[in-house]
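**Student:** This is the structure I want to talk about, given as structure tokens.
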2 protein chains.
Amino acid sequence: MRCEDIVTEAEFIAALRRLPLHPGALGLGDDAARLGGFVVTTDTLVEGVHFLPDDPAGDVAWKAVAVNLSDLAAKGAVPEGILLNYPLSDDGWDRAFVAGLEACLAVLDCPLLGGDTVSLPAGASRVVTVTAFGRDATAPARSGAQAGDHLWVTGCIGDAGAGLALAQAGEGPAALLAAYRRPRPRLAEGRALAPVAHAMMDVSDGLLIDAWRMAAASGLAVTIALDRVPLSAAYRAYAGDDPLRAATAGDDYQLLCALPPEERPTGMATCVGSFAEGRGLSLTRHGAPVAVPERLGFEHRA
Amino acid sequence: MRCEDIVTEAEFIAALRRLPLHPGALGLGDDAARLGGFVVTTDTLVEGVHFLPDDPAGDVAWKAVAVNLSDLAAKGAVPEGILLNYPLSDDGWDRAFVAGLEACLAVLDCPLLGGDTVSLPAGASRVVTVTAFGRDATAPARSGAQAGDHLWVTGCIGDAGAGLALAQAGEGPAALLAAYRRPRPRLAEGRALAPVAHAMMDVSDGLLIDAWRMAAASGLAVTIALDRVPLSAAYRAYAGDDPLRAATAGDDYQLLCALPPEERPTGMATCVGSFAEGRGLSLTRHGAPVAVPERLGFEHRA
């Protein structure tokens, strides 16, 4: 997003907040709305913005579903179904998209509820929207962290960021490309962590920025131990022992949660920090302070 | 839509039908899905396809909401809320869009539930998606018409089609332009007609094609009396006494319903025909048969 648009986006959302809002909109401040017994989330992916024109169509389908189901995972919800708004383009792309959609829906055990197909003017960028519905959501909001809570994150961090760099270059290790192109929303972990968490959200824009957001929403300070950030063998082979790069890259789609100190979901997640009275983000490495970088992640991504 | 895409669209939807479907998807054969106690519908509008690049932004906002709420009206539902997926572009367009959205939501008494804002690559076509939720839907499907039922339609037919032609030419009577740009979904009429109708749907692609679709879905034949098609004074002044042109134009967003002969909702709708055993569409004018035109409406619009 260009710099002059940043103000516009904030203004646009502020203008939307002045419209009549549904109580389940939660003031447009959450990643998911509430409707009856469901949580609802929607994300639009734009060719050239959220995916590369050369990304395989099946991977775009997968990602369009997965980013939405990651929001459901962060609510501890069970996927109920999705709507798909899809622009028909060329036959091969469309067929590959459906194949990727089929694979993703099967793996994530989520049925199709409906949608809309449209045609696009010649040469227009593809714009794909998925809306996902979840049930039995038990997770707290991101704003519930308490001083003394520990910060836990599922899976490994940074693989998708490395995968994006590799995809832009053209090739690389399959594990890293897959982390970028076919992220696995942490649905089982979300359901397991939701009942014990004080705050939960997914990591979409980068570990540092999203942890900072959780702390800010909770009115607390957060400290992250960079040496504890979980890095995969594939990431280390590609980028070396660089947790700061990993923790400022986006597209992880892991879960971040604040847990009371007695909860220790080892095997499912890694403890990477803690919350305290105060505000802001601090970093350490092996106990020594580390300067916080100016760029924490994708701060203003629409 | 270009001819070679028509097969692709049908194939695409057929391919989607082979995916795991939610029971509320109703086989992807209805304009709205069912989710808990709600009906859900979604429509995407594409610049250059569903609206003109010169259409005022506020009118595009209105239309994006109205076409979805027309689907709710056809279900006899009360609007519960909408999601908006919106591409930020230039400041003036965005502001005008929000103003149109605000007006539409106020008039139609529908709150905003959530959504997503994205940026677009330079020069890309705007793609706006609205998803609408309704409650207390009591209307039958379009497939429930019975032999002997009468066919009723709300409002006037053809104004929006004339308005589109005028908008493309640059100007014309305000009433016709407004019918195209700011359609009023027939929510009150939908709620009133739903309990007594055998079949109901909205008229989005043209009276003849949509009536034919209702008859086909019900396994019946339908006859329409062209002399009874309700035409506005503005339409007659523009196009003369031409019900066939009106009945094959799109974007009316009126309601079409099959009612038993004893139901006569005059004042709210006009009786334009009847159903009988058999199949297909027949036309009359003052009792004499009229040849059915080759083009019944927007038959293959995505």
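The values are calculated or read from the model by the stated rules, or taken from the named source; none is laboratory data. From a predicted model like this one, the values you see are computed outputs, not experimental measurements. Here the Cβ is made from the backbone with ideal geometry for all residues, glycine too, and neighbour counts use every protein chain on show.
**Student:** Filter region A:190-209 down to the residues that are assigned to a helix (DSSP H, G or I), surrounded by fewer than 24 Cβ atoms within 10 Å (Cβ to Cβ) and not basic (K, R) and list them by number. Steps first, please.
**Tutor:** Going through region A:190-209, the residues assigned to a helix (DSSP H, G or I) turn out to be A:190-193, A:207-209.
Now restrict to residues that are surrounded by fewer than 24 Cβ atoms within 10 Å (Cβ to Cβ): A:191-192, A:209.
Of everything in region A:190-209, those that are assigned to a helix (DSSP H, G or I), surrounded by fewer than 24 Cβ atoms within 10 Å (Cβ to Cβ) and not basic (K, R) turn out to be A:A192, A:I209.
**Student:** For region B:124-142, give me the residue count where each residue is within 14 Å of chain A (Cβ to nearest Cβ) and assigned to a loop (DSSP other than H, G, I, E, B).
**Tutor:** Total meeting the criteria: 5.
**Student:** Of all residues in region B:91-119, how many are within 18 Å of B:V46 (Cβ to Cβ) and of a type in the set (D, E, K, R)?
**Tutor:** Residues in region B:91-119 being within 18 Å of B:V46 (Cβ to Cβ) and of a type in the set (D, E, K, R): 2 in total.
**Student:** Looking only at region A:116-136, which residues are of a type in the set (G, A, S) and in contact (Cβ under 8 Å) with a residue 60 or more places away in the chain?
**Tutor:** Filtering region A:116-136 down to residues of a type in the set (G, A, S) leaves A:119, A:122-125, A:132, A:134.
The answer is A:S125, A:A132, A:G134.
**Student:** Give the residue, chosen from A:A269, A:A221, A:A217, that is of a type in the set (G, A, S) and closer than 29 Å to A:R181 by Cβ.
**Tutor:** After ruling out the rest, the residue left standing is A:A269.
**Student:** Here's a follow-up. Which one of B:A175, B:A165 is without any contact (Cβ under 8 Å) to a residue 40 or more places away in the chain and either surrounded by fewer than 20 Cβ atoms within 10 Å (Cβ to Cβ) or aromatic (F, W, Y) (or both)?
**Tutor:** B:A165
**Student:** Please find, among B:R95, B:R17, the residue that is without any contact (Cβ under 8 Å) to a residue 60 or more places away in the chain, charged (D, E, K, R) and not assigned by TED's automatic domain parsing to the domain that holds B:T131.
**Tutor:** On the way: B:R95 fails: not assigned by TED's automatic domain parsing to the domain that holds B:T131.
On inspection, the qualifying residue turns out to be B:R17.
**Student:** Considering only region B:69-92, how many residues are over 16 Å from A:L19 (Cβ atoms), at the interface with chain A (Cβ under 10 Å from one of its Cβ atoms) and either touching a residue at least 40 places away in the same chain (Cβ under 8 Å) or surrounded by fewer than 18 Cβ atoms within 10 Å (Cβ to Cβ) (or both)?
**Tutor:** 3
**Student:** Of all the residues that make up region A:143-189, how many are in a loop (DSSP other than H, G, I, E, B) and of a type in the set (D, E)?
**Tutor:** Looking only at that region, the number is 2.
**Student:** What's the number of the only condition in (1) of a type in the set (A, V, I, L, M, F, W, C); (2) farther than 19 Å from B:A14 by Cβ; (3) touching a strand residue (DSSP E or B) at 6+ places or on another chain (Cβ under 9 Å); (4) crowded, with 24+ Cβ neighbours inside 10 Å that A:L113 fails to meet?
**Tutor:** All conditions pass for A:L113, except number (2).
**Student:** When only residues in region A:1-17 that are hydrophobic (A, V, I, L, M, F, W, C) and modelled with pLDDT under 75 count, which is surrounded by the most Cβ atoms within 10 Å (Cβ to Cβ)?
**Tutor:** Initial filter on region A:1-17 (hydrophobic (A, V, I, L, M, F, W, C)): A:1, A:3, A:6-7, A:10, A:12-16.
Pick out the ones that are also modelled with pLDDT under 75 and you get A:1, A:3, A:6-7.
Details: A:M1: 17, A:C3: 7, A:I6: 15, A:V7: 11.
My answer is A:M1.
**Student:** State all residues of region B:5-36 that are within 22 Å of the chain's Cα centre (by Cα), closer than 25 Å to A:A96 by Cα, within 8 Å of another protein chain (Cβ to nearest Cβ) and among the small types (G, A, S); if no residue qualifies, say none.
**Tutor:** Of everything in region B:5-36, just one residue is within 22 Å of the chain's Cα centre (by Cα), closer than 25 Å to A:A96 by Cα, within 8 Å of another protein chain (Cβ to nearest Cβ) and among the small types (G, A, S), namely B:A25.
**Student:** Then there is this: Limited to region A:129-159, what total is found for residues that are closer than 30 Å to A:F97 by Cβ and surrounded by fewer than 24 Cβ atoms within 10 Å (Cβ to Cβ)?
**Tutor:** Kept after step one, since they are closer than 30 Å to A:F97 by Cβ, are these residues of region A:129-159: A:129-137, A:154-159.
With the extra rule that they be surrounded by fewer than 24 Cβ atoms within 10 Å (Cβ to Cβ), the set shrinks to A:135-137, A:155-156.
Counting residues in region A:129-159 that are closer than 30 Å to A:F97 by Cβ and surrounded by fewer than 24 Cβ atoms within 10 Å (Cβ to Cβ) gives 5.
**Student:** Among (1) within 7 Å of chain B (Cβ to nearest Cβ); (2) at pLDDT below 95, which single condition is A:G115 missing?
**Tutor:** It fails just one condition, (2).
**Student:** While we're on this one: Any residue at all in region B:210-221 that's surrounded by fewer than 19 Cβ atoms within 10 Å (Cβ to Cβ) and part of a helix (DSSP H, G or I)?
**Tutor:** yes
**Student:** Okay, moving on. Mind checking whether some residue in region A:150-159 is away from chain B (no Cβ under 14 Å), out of contact with any helix residue (DSSP H, G or I) (no Cβ under 8 Å at 6 or more places or on another chain) and at pLDDT below 95?
**Tutor:** The answer is no, given that none of the residues of region A:150-159 is away from chain B (no Cβ under 14 Å), out of contact with any helix residue (DSSP H, G or I) (no Cβ under 8 Å at 6 or more places or on another chain) and at pLDDT below 95.
**Student:** Can you find, within region A:37-66, the residue that is nearest to A:A169 (Cα to Cα) among those that are facing chain B (nearest Cβ under 7 Å), outside any loop (DSSP other than H, G, I, E, B) and among the aliphatic types (A, V, I, L, M)?
**Tutor:** Only one residue fits best here, namely A:V46.
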